[in-house]
Amino acid sequence: MTDGKIDREGIHIDRELAETLHIEEELDSNVVGVYRFPSPERRKTSGAILFGFGFISFWAIPFPAGSIVAAALIALGCWMFVSAWPLKVDEQEALRVAGTKVPFAVGHASASVRFKGWRSRPRWSVVVYSATEPPDARGLVVVDAVSGEVVEDPYFEPIEPV
């Protein structure tokens, strides 16, 4: 791409080019602002809908098939309802917690949500780099997105100079 530039800050595309190519908002580096990860609590609505369809299918579909479909929909609805954890800790709070758990000053950091267990409890995986230029250490801290506690032993290691 000749109109973009690549430097230590990343890949940048001019705003006009991004608009011309119809680059999606989440891929457009020109979009700035706070991003809020949607809460898994929205699964409650889907679970309730599936639960309702399960009861309806029990009466609407003739006997053996109706019972099987109803049981499957009710089970899936129940699972979605019990796995609807509230996301009480946002990305910024997870970054703050992770920064206090590593033995170096944090420079660059990034957080992503992952889910653990059969009930899909949300956790932030936070990757941190030291504030030196270039970074001489990195670490990984896993923060529970419901309680805000560090749930695994933080991992950190030195980075060998190149």
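In nm, to one decimal, how far is the Ala71 label point from the Gln92 one, both placed 7 Å along Cα→Cβ?
Those two pseudo-labels are separated by 4.9 nm.
Using unit Cβ charges (K, R positive; D, E negative) and no other charged atoms, how large, in debye to the nearest 20, is the dipole of the stretch 91-158 about its Cα centre? Spell out each step's value before the answer.
On the way: 8 positive and 9 negative charges, 72 e Å.
Using only the charged Cβ atoms, the result is roughly 340 debye.
Suppose each label sits 7 Å from its Cα in the direction of the beta carbon; what would the Trp59-Ser147 distance come out to in nanometres?
Those two pseudo-labels are separated by 4.3 nm.
As I understand it, the dipole of the stretch 56-154 uses +1 on the Cβ of Lys and Arg and -1 on the Cβ of Asp and Glu, about the Cα centre. Which of Phe81, Ala145, Ser112 lies farthest toward its positive end?
The one lying farthest along the dipole's positive direction is Phe81.
What is the fewest-to-most order of Trp124, Trp118, Trp85 by other Cβ atoms lying within 10 Å of their Cβ? Don't jump to the answer; show the numbers that get you there.
Numbers: Trp124 26, Trp118 8, Trp85 18.
Ascending number of Cβ neighbours within 10 Å: Trp118, Trp85, Trp124.
Given contacts defined as C-alpha pairs under 8 Å and at least six residues apart, what's the relative contact order of the stretch 39-162, whole-number percent? Display every interim value, and only then the final one.
Values: 242 pairs, mean separation 25.3, N = 124.
Relative contact order of the stretch 39-162: 20 percent.
Once R0 is set to 35 Å, what does the formula 1/(1 + (r/R0)^6) return for the Cβ-Cβ distance between Arg36 and Glu16, expressed as a FRET efficiency to the nearest 0.05?
Numbers: r = 28 Å, r/R0 = 0.80.
It comes to 0.80.
Could you give each residue of the stretch 99-110 its phi-based ³J(HN,Hα) in whole Hz, using Karplus coefficients 6.51, -1.76, 1.60 with θ = phi - 60°, and x for Gly or Pro?
For the stretch 99-110, the Karplus curve yields x, 7, 9, 10, x, 9, 6, 8, x, 7, 8, 8 Hz.
Go through the stretch 148-162 residue by residue and turn each phi into a ³J(HN,Hα) via Karplus (6.51, -1.76, 1.60, θ = phi - 60°); whole Hz please, and just put x for glycine and proline.
x, 8, 6, 9, 9, 4, x, 10, 8, 8, x, 10, 5, x, 8
Say each of Glu133 and Ala48 gets a label point 7 Å from the Cα, pointing the same way as Cα to Cβ; how far apart are those two points in nm?
It works out to 5.3 nm between the two label points.
Bear in mind that the values in this text are calculations on the coordinates, not laboratory data. As the structure is a computational prediction, the values presented were derived from the model and not from experiment. All Cβ positions, even for glycine, are placed from backbone atoms using ideal geometry, and neighbour counts span all protein chains on display.
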